Each structure stands twice: as structure tokens, then as C-alpha cells.
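Each remark here refers to the structure printed beneath this line.
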Amino acid sequence: MSKKHSQRLADLCRKHGIALAYLFGSQTRAGAKILAGEKVLVQDPLADLDIGIITEEPLPPPPQRHKFYARLYNEMMILRRSADFRPFLDKYLQEVLEEI
């Protein structure tokens, strides 16, 4: 993990009271490469990075929990890939046209 990315991730975890953050799922290796500062070739534009967290304190109550997750998601620039929505549009159009 590059110093820059590791420090940003550590800062993010401290800010939000995260004791442990981990990657899992089919894109684990891609996420590790992104954290290491390597370029990642996106094979499946519909794939996402699955990130699990364990917080130091209990999560906020359900009515406020979405705000916690929204703040965390918005600050996850470390692992965010540039979004190309064309594949989503193509997939949507393909599925809609198949139904007709």
C-alpha cells in the first residue's frame, strides 16, 4: 500500500471510528492494487469493490445510520474508480429491448 493511500485510509478510519476495514468479494485483488497505487484494468464495468468495516463503537440507531454510511461512502475516494455510465445504459437498453 502506498504511503499516501495508507495514510488517507488510516485518517478516514480514525475520523469515523473504524477499527478495521477490509476488502472482500470478486474485486479484492483490484482493490488491493488500487491501494498499492497500481493501475487497474476494469474487466467488468458493472463490478464494484466490496468493503467491510468494524466500528469501535456501536453503529448509530437505524434512523440515522444511513447518514453515517453516506458520509463514509462519499469519503471513500481512495478506492473509487472513475465512473463510466455507458455500460449501464447499454445493459439497461439491452434488457428493455429484450422484453419488447
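What nm distance separates the two modelled labels at residue 15 and residue 33, each placed 7 Å from Cα along Cα→Cβ?
For the pair residue 15/residue 33, the computed spacing is 2.7 nm.
Starting from the 7 Å offset along Cα-to-Cβ, what nm value, one decimal, do you get for the label separation of residue 67 and residue 43?
4.1 nm
Can you list residues whose amide H is under 5 Å from residue 18's amide H, if they're 5+ apart or on another chain and H is modeled 1.01 Å from N?
The list, which skips near neighbours in sequence, is 56.
Taking H as built 1.01 Å from N, whose amide H comes closer than 5 Å to the amide H of residue 50, not counting residues under 5 places away?
24, 27
Bear in mind that the values in this text are calculations on the coordinates, not laboratory data. No experiment lies behind these values; they were computed from the predicted model shown. Please note: Cβ atoms are built from the backbone with ideal geometry, for glycine as well, and neighbour counts cover all protein chains shown.
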